[in-house]
Amino acid sequence: MAEAPNWSEQAVDLVGRAVMAPSSHNSQPWFFLLGEPYVDLLADRTRALPVNDPDGRELTISCGCALLNLLLAAADRDFQVENRLLPDPEEPDWLSRVAITRDTAERVPEADLAQFIEERRTCRTRFESRAVEQEAVDAMVEAAAAEGAWLRPLVSDERRRRAVELVVEADALQWSDPEWRRELAAWMHTRSEGDGLTVSAFTAPVAQMVVRNFNMGGGVASKDRELAENSPLLAVLGTDGDGPRHWLAAGQALQRVLLVGCSFGLRASYLNQPIQIGSLRGQVSELVGGEGLPQILLRLGYAPYRLSPAPRRPLADVIEWS
Ligand SMILES: Cc1cc2nc3c(=O)[nH]c(=O)nc-3n(C[C@H](O)[C@H](O)[C@H](O)COP(=O)(O)O)c2cc1C
């Protein structure tokens, strides 16, 4: 009979599922400190995007996504967990301690969501034209609320049209900034590097040079317009405040929304540009009633084909034993 896995194997298994989370530019800005028996999640600010994300807002949201995966993975192993957010005010990079009781607990229904952790992917192409069923929309709205955030679909044609205009305006602003382009180019990596936005080894040097040196805002904006206008669902995810605690909640909510969406066969992609630009963020807020802070603008639909997974860093690079 095979021996039961020990705690170190179990902890590494949990982190292995946590890092399947999405992250801004696939920067994977997290670090895990393992103890007996807990997992600490830390922000790795050496992987920050200071131009695109000067406050570390998206960095913290990305870590929140990984945190939800960790919690669901633990629930899937029938562990009982206690999640303490921002445990030490003196250590702002210490985002959470997940204390784990390894005595098997009664299985919680949400553990079933863990089966979608590996299946979830960002889909950057055009979606199929079929509409998203109302049952799926309602379930995703509920998923965001369960994590203390909100998801507001853009229902009217007028709001969708306005959202598309804001994305186009934001694309033009970002691409006209050489520092923003340099940062993006620096995160265009070949698959073997294990992180970043994947470009083929053959085209990488040229692609990076072009992004660094040329303002392609016009082309990107028209592609984004086409993608957004043809997306069955556009929705804004937000919170009632704007600080590390809200960003962690936004990340957990985003990941729960994505996994619930996945359970209905949906895939998502991001049009966050107008939220990343301070002067446009308020206008995104007005689109969804003017209350609260928008954190993520999603487009959702059914992917036309199977998507291959984005790379991840080796677990040995993100884990340390305390
Ligand atoms: C907070 C956050 C912001 C993101 N912003 C964008 C974005 O603006 N554009 C985009 O194409 N993808 C965006 N992504 C998706 C990441 O690029 C994607 O998660 C990463 O490349 C890994 O791929 P995967 O999601 O398929 O695992 C974002 C993800 C997160 C969590």
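The values are calculated or read from the model by the stated rules, or taken from the named source; none is laboratory data. Since we're looking at a predicted model, the values are computed, not measured. Backbone-built Cβ (ideal geometry, glycine too); neighbour counts: all protein chains shown.
One residue stands out among those in the stretch 70-105 that are in contact (Cβ under 8 Å) with a residue 24 or more places away in the chain and acidic (D, E): the one that is farthest from the ligand (Cβ to nearest atom), which is D78. Would you pick out the residues in the stretch 123-140 that are surrounded by 14 or more Cβ atoms within 10 Å (Cβ to Cβ) and among the β-branched types (V, I, T)? Listed by number, the residues that qualify are V132, V137. Could you tell me which residue of the stretch 237-280 is farthest from the ligand (Cβ to nearest atom), considering only residues that are basic (K, R) and over 21 Å from P304 (Cβ atoms)? Filtering first and then ranking leaves R245. Does any residue of the stretch 184-191 turn out to be away from the ligand (no atom under 16 Å from the Cβ) and surrounded by 14 or more Cβ atoms within 10 Å (Cβ to Cβ)? Within the stretch 184-191 (the criterion being away from the ligand (no atom under 16 Å from the Cβ) and surrounded by 14 or more Cβ atoms within 10 Å (Cβ to Cβ)), the answer is no, since none of the residues qualifies. In this structure, A105 does not qualify as in contact with a Phe, Trp or Tyr (Cβ under 6 Å, 6 or more places away or on another chain) and within 30 Å of F32 (Cβ to Cβ).
Name the residue that is farthest from V81 (Cα to Cα), counting only residues in the stretch 17-33 that are buried (at least 19 other Cβ atoms within 10 Å of the Cβ) and away from the ligand (no atom under 15 Å from the Cβ).
Let us first name the residues in the stretch 17-33 that are buried (at least 19 other Cβ atoms within 10 Å of the Cβ), namely 17-32.
Next cut, away from the ligand (no atom under 15 Å from the Cβ) only: 31-32.
Working: F31: 19, F32: 16 Å.
Of everything passing the filter in the stretch 17-33, F31 is farthest from V81 (Cα to Cα).
A search for C-beta distances below 9 Å between a residue of the stretch 163-192 that is closer than 22 Å to N230 by Cβ and in contact (Cβ under 8 Å) with a residue 12 or more places away in the chain and any residue that is aromatic (F, W, Y) and outside any helix (DSSP H, G or I), counting only pairs 6+ apart in sequence or on different chains, returns W175/F214. Among the residues of the stretch 286-314, those that are closer than 19 Å to P54 by Cβ and either within 11 Å of the ligand (Cβ to nearest atom) or outside the structural domain of F264 (by TED's automatic domain parsing) (or both) comprise Q295, I296, L297. Does G218 satisfy the condition of being surrounded by fewer than 19 Cβ atoms within 10 Å (Cβ to Cβ) and modelled with pLDDT of 95 or more? Against the criterion (surrounded by fewer than 19 Cβ atoms within 10 Å (Cβ to Cβ) and modelled with pLDDT of 95 or more), G218 does not qualify. The single residue among G238, G289 that is at pLDDT below 95 and closer than 24 Å to S156 by Cβ turns out to be G289. Only one entry of P50, P54, P37 meets the criterion of being closer than 21 Å to A186 by Cβ, more than 13 Å from the ligand (Cβ to nearest atom) and in contact (Cβ under 8 Å) with a residue 12 or more places away in the chain, and that entry is P50.
Within the bounds of the stretch 57-68, is there any residue that is modelled with pLDDT of 95 or more, farther than 19 Å from G196 by Cα and either assigned to a helix (DSSP H, G or I) or assigned by TED's automatic domain parsing to the domain that holds I275 (or both)? Yes, the stretch 57-68 contains at least one residue that is modelled with pLDDT of 95 or more, farther than 19 Å from G196 by Cα and either assigned to a helix (DSSP H, G or I) or assigned by TED's automatic domain parsing to the domain that holds I275 (or both).
Taking the numbered list (1) at positive phi; (2) modelled with pLDDT of 95 or more in turn, D78 passes all entries but (2). Of all positions in the stretch 227-242, none carries a residue that is among the acidic types (D, E), crowded, with 18+ Cβ neighbours inside 10 Å and farther than 23 Å from L95 by Cβ.
Do we find that L59 is within 16 Å of the ligand (Cβ to nearest atom) and in contact with a His (Cβ under 9 Å, 6 or more places away or on another chain) in this structure? No. The conditions of being assigned to a loop (DSSP other than H, G, I, E, B), among the acidic types (D, E) and farther than 30 Å from W180 by Cβ are not met by E82.
When Q283 is tested against (1) away from the ligand (no atom under 14 Å from the Cβ); (2) surrounded by 21 or more Cβ atoms within 10 Å (Cβ to Cβ), exactly one condition is not met: (2). The residue that is nearest to P274 (Cα to Cα), among those in the stretch 55-97 that are touching a Phe, Trp or Tyr at 6+ places or on another chain (Cβ under 6 Å) and of a type in the set (V, I, T), is I61.
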